[in-house]
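Down below is the structure, laid out as structure tokens.
The values are calculated or read from the model by the stated rules, or taken from the named source; none is laboratory data. Because the structure is predicted, anything quoted here is derived from the model rather than measured. Heads up, the Cβs are rebuilt from the backbone with ideal geometry, glycines too, and the neighbour counts pull from every protein chain shown. Calculation scope for accessible area: heavy atoms of the full protein, side chains included, ligands and nucleic acids excluded. Shrake-Rupley method; radii C 1.70, N 1.55, O 1.52, S 1.80 Å.
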Amino acid sequence: METAALYHRPDSEMAYLKDQKHFQIRLKTKHDDVVKVELLYGDPYGTKVNEKDEGTWEYQVAEMKRVYATKQHDHWITEVVLPLRRLQYAFHVYGADGQEYLYDDRRIYRYSDVGIEKLSCFRMPYLHECDRIKTPEWVTNTVWYQIFPERFANGDSANDPKNTLEWGSKKPTPENFFGGDLQGIIDHLDYLQELGINGLYLCPIFTAYSNHKYDTIDYFNVDPAFGTKETLKELIDQAHERGMHVMLDAVFNHMGDFSMQWQDVQKYGRDSRFAKWFHIHDFPVSYEETANFEFARNLNYDVFANTPHMPKINTADPQAREYLLNVATYWIEQFDIDAWRLDVANEIDHEFWKDFYERTHALKKDFYVLGEVWHSAQEWVGHKEFDAVMNYSYTEPIIAHFVKKELTAAEMVDMLQEQLMLYRDQTNRVMFNALDTHDTERILTLCHGNKDLEKQTLAFMFTQYGAPCLYYGTEVGMDGGADPDCRKCMVWDQNQQDHEMFNFTQKLVKMRRKYSQLWSKSRLEFKSVDEMSDLIIFKRQDQDMQVNCIFNTGTQPQKYTLGENDQIILQQNVTEDGQIKPDGFCIIRIN
């Protein structure tokens, strides 16, 4: 056995209180190197009078299950109930070579009865309910719909900015405007309800210079081109009446250079009352322009990326920090929003996010905090900073296999399983899954116009852990390249809409919501991943039901067998004689 491959970390996603009763423990081993793992666990005190007592430790044994297996690692999991809310534990590991080892907090050594008596166990001294990571239950039943407000619908031409173009008349650029606003969203709430959407994610709506509004000027006001606070309140109220939750987007990493604070810094330099709100190296602030408006050289202050128009905020400054925290609570208290999506969240200090989480959840216990993090995010979701992150690390392997064919089916599945093991179960349930957003190419463009492939990829995402999100227009066949082309005007002309795509998406959303508890909470087990045929079979099963999902990502039809009482929930490219053609799938309820 390769003992160096044994890995466990206490008080983390590998050992945590899952709910009020169950404590989950995970162990990672080298693939196919271990045939059995037993968890030895019990009260740290047992029958001892105190911790220094030399008496025998009374322990129980729980057999761990190999839940996920990749080419590199096996992941073993078990859950135990702890009446006294305290625990010590160790692992008895059985190697494929016949060797047995004990793995505790201090060392790994050969198994023996004497060795058990000398264990230096991993410890969880006391499991405090207040320390448990809790995520909002409503998100597990949510299908999100992302709206880029300037491009969704123009509901009020009276607030159109200067030089507003006719809707969809030209290609989108970083500078042009088409008049999309909040009233336009209100006007189409019935449409979104018909689609089945119950979560609205709006890109920034606060006063800003650009069409994307990520260069905030005033965090306490709605951009005049989008409407008024009264319009926003009407939108949120009407959405709530329809059972929809509303998530706003905020940028606390940087401000726009037209903000009052930055203008003051430019005017007064070191003497500005906002000088410490930013990361300024020397005064006066300056930079060297280039032909690219978004790129500058020789900046003497920190910015987002390399754009001189988005100076980075010093969230460690007490006054700047309090200002932003007041922004966070204001829109909850005054407008009853349900969630924040946080732009460039990984570039802000952890202490700020801890305060942010505490302030928002003090107002709404089931508030949802979503951070934009494109990489592993344990440090944010494991310490009550974010409830979840935009799950690009999970959806990118899906695109890499299904769409780009850069990964084999087995390689994709390995990556998905490793991603799931980075987070607690309650976090995986509410991760934000999207195949495309305002920052990426649209999924139909990635699929080179192949709508069967687009549907297959969407269906796969909708059967995974986490809350799925549709980018506006996907449901009517919109395409679009990289930013800014992915920010085209929504197609409202029914003669230009793909109604078959709408019907499919509607069925997909209905399936997700009808079986939401199955998709979000049940066990995910990959039963077969055939690298020769690229046939992927996995099941989702809980105490009440089992669903088998079959996806053919290869180039040849694949045979499947339907049980006599099995029920097809959703399918595509399936023949009457039980053949799943390329770009096809079948989702089956097993009875």
Using the alpha-carbon centroid of each, what span in Å lies between region 438-459 and region 547-591?
21
Once all protein chains are kept in place, Glu241 shows an accessible area at probe 1.4 Å, nearest 10 Å², of 150
The chain: relative contact order from alpha carbon pairs under 8 Å, six or more residues apart, as a whole percent, is 11
So how far apart, in nm, are the two label points at Gln494 and Ser169 if each is 7 Å from Cα heading toward Cβ?
2.5
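Please state the charge dipole magnitude for the chain, taken about the Cα centre, from unit charges on C-beta atoms (+1 on K and R, -1 on D and E), reported in debye and rounded to the nearest 20.
Its charge dipole is roughly 1040 debye.
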Taking 29 Å as the cut-off for C-alpha to C-alpha distance, list the pairs among Lys507/Lys581; Lys233/Lys267; Lys170/Lys510; Lys18/Lys312; Lys21/Lys539; Lys365/Lys521 that go past it.
Lys233/Lys267; Lys170/Lys510; Lys18/Lys312
Using a 1.4 Å probe on heavy atoms of the protein chains only, the accessible area for His188 in Å², nearest 10, reads 40
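Would you please classify the overall shape of region 255-312 from the alpha carbon gyration tensor, given that a ≥ b ≥ c denote the square roots of the eigenvalues, rounded means a/c under 1.5, and beyond that prolate means a/b larger than b/c while oblate covers the rest?
On the way: a/c = 1.99, a/b = 1.66, b/c = 1.20.
Prolate, because a/c is 1.5 or more and a/b exceeds b/c.
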For the pair Asn298/Asp483, report the inter-label distance in nm, with labels modelled 7 Å from Cα in the Cβ direction.
2.7
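Using helices alone, what [θ] at 222 nm do you get for the chain, with -39,500 (n - 2.57) per DSSP H run of 4 or more residues, divided over all residues and rounded to the nearest 500? Working shown, then result.
Working: 15 runs with 141 residues, N = 591.
My calculation for the chain gives -7000 deg cm²/dmol from helical runs alone.
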So how much accessible area does Phe462 have, in Å² to the nearest 10, using a 1.4 Å probe?
0
Across 10 Å bins beginning at 0, the whole-percent shares of Cα-Cα pair distances in region 522-590 come to 22, 55, 22, 2
Added length on full extension, which subtracts the Cα-Cα distance from 0.36 nm per residue, Tyr268 to Thr228:
11.2 nm
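Could you tell me the calculated FRET efficiency between Glu194 and His375, based on Cβ-Cβ distance and R0 = 45 angstrom, to the nearest 0.05? Could the numbers behind the result be given before it?
Numbers: r = 37 Å, r/R0 = 0.82.
Once rounded, the FRET efficiency stands at 0.75.
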Report, to the nearest 10°, how far helix 409-420 tilts away from the longest principal axis of the Cα atoms in the chain, using its own Cα long axis and a range of 0 to 90°.
90
What part of the accessible area of the chain, given as a whole %, is carbon or sulfur when the probe is 1.4 angstrom?
46
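On full extension of the chain, what length is gained from Asn221 through Gln99, given 0.36 nm per residue of separation minus the C-alpha to C-alpha distance?
The Asn221-Gln99 span can extend by a further 37.3 nm.
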Heavy-atom accessible area with a 1.4 angstrom probe orders Trp262, Trp492, Trp380, most exposed first, as Trp492, Trp380, Trp262
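Mind ranking 565-574, 434-443 by how tightly packed they are, going by the mean number of other C-beta atoms within 10 angstrom, highest first? If you can, show how the numbers build up before the last one.
Details: 565-574: 15.2, 434-443: 22.4.
Packing proxy ranking, top to bottom: 434-443, 565-574.
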Dipole-positive endmost among Ile147, Phe356, Phe295 within the chain (Cβ charges, Cα centre)
Phe356
Options [x] 1.00; [y] 1.57; [z] 1.06 for Cα Rg over 2.2 N^0.38 Å; the value derived from the coordinates is listed as [z]
With a Förster distance of 51 angstrom and the Cβ-Cβ distance between Gln72 and Ile116, calculated FRET efficiency to the nearest 0.05 equals 0.95
Placing +1 on each Lys and Arg Cβ and -1 on each Asp and Glu Cβ in region 3-124, then taking the dipole about the Cα centre, the residue among Ala4, Tyr68, Gly95 whose Cα reaches farthest towards the positive end is Tyr68
Roughly speaking, what is the centre-to-centre gap between region 336-413 and region 283-328 when only Cα atoms are used, to the nearest Å?
23
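How much accessible area per residue does the chain have, counting only protein heavy atoms and a probe of 1.4 Å, in square angstrom?
Working: 25140 Å² over 591 residues.
I get 43 Å² per residue for the chain.
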Whole Å is fine, so just give me how far the alpha carbon centre of region 155-221 lies from that of region 496-525.
27
